[in-house]
1. Residues in the stretch 103-123: is at least one over 18 Å from Gly11 (Cβ atoms), of a type in the set (D, E, K, R) and surrounded by 19 or more Cβ atoms within 10 Å (Cβ to Cβ)?
2. Those residues that are part of a loop (DSSP other than H, G, I, E, B) and either crowded, with 24+ Cβ neighbours inside 10 Å or of a type outside the set (Asp, Glu) (or both), I need them from the stretch 129-151; list them, please.
3. Filter the stretch 152-169 down to the residues that are of a type in the set (Gly, Ala, Ser) and surrounded by 24 or more Cβ atoms within 10 Å (Cβ to Cβ) and list them by number.
4. Can you name the residue in the stretch 111-128 that is of a type in the set (A, V, I, L, M), at negative phi and part of a loop (DSSP other than H, G, I, E, B) and is also farthest from the chain's Cα centre (by Cα) among such residues?
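Coordinate-derived values only; no laboratory data. Treat the numbers as computed from the prediction; the structure is a model and nothing was measured. Every residue, glycine as well, gets a Cβ built from its backbone with ideal geometry; the counts of neighbours run over all protein chains shown.
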Amino acid sequence: MSGILIVGAGGHAKVVLSTLLASNYHVEGCLDEQPSRWGTSVLGYPVLGGLELLERPDRRAVLAIGNNQARRTLSERYPAVEWVSAVHPQAVVDASVVIGVGSVVFAGAVVQADTTIGNHVIVNTAATVDHDCVLEDYVHVAPGTHLAGQVRLEQGAFLGIGSVATPGITVGEWTTVGAGGVVIRDLLPHSVAVGVPARQRQVKNNDDNHNKA
């Protein structure tokens with residue numbers, strides 16, 4: 001079986017790569033849409049070329065892209081790829097947690113009992129997700145973010161670095177919470193919320209989802 005391809009060759013790819021290596025996966029190299037990166041390397045692993053390499057049979061890959069909308073677009077563009085999930089050995093994930101395809105849980109993260117993580121989700125470095133949470137597809141929980149119990153993050157939601165969600169909160173689909181925001185009430189879909197407590201400042205267009213690692 002061929003090694004895993006990492007889709008993306010930026011900073012986020014470094015963290016995905018280190019997670020895969022720590023989990024004893026065989027990595028073949030990286031792919032990137034920017035020709036200027038072809039022939040370079042990420043942590044010593046080659047950037048092999050563009051995404052057309054995903055069209056070969058029996059491809060296994062991880063999307064190392066922080067932008068939630070971009071991960072959705074690429075996962076739908078290449079449905080035949082076997083999308084691999086990875087949990088860093090220095091993360092703590094309860095045995096009852098369900099993790100979908102293509103999702104990553106980075107070092108220092110904690111995911112507690114009966115939480116469900118969807119497809120192509122990022123639980124970033126040192127984030128904590130308490131009991132009975134639901135993280136739907138394409139969610140990104142940034143470094144140092146803390147979710148209390150029974151929080152639901154709907155599809156494509158992004159919680160910025162160091163943000164907090166209190167028990168039972170729902171964050172609507174494709175909503176962004178700014179860095180350090182404290183969410184104490186439900187947030188509508190397709191919106192941006194910032195501050196302490198987090199307040200909705202605007203409603204986004206459906207494709208306005210430029211969150212990053």
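1. No: zero hits.
2. His131, Cys133, Tyr138, Val139, Ala142, Pro143, Gly144, Thr145, Ala148, Gly149, Gln150, Val151
3. Once the filter is applied, which keeps residues that are of a type in the set (Gly, Ala, Ser) and surrounded by 24 or more Cβ atoms within 10 Å (Cβ to Cβ), the stretch 152-169 yields Gly156, Ala157, Ser163, Ala165.
4. Ala113
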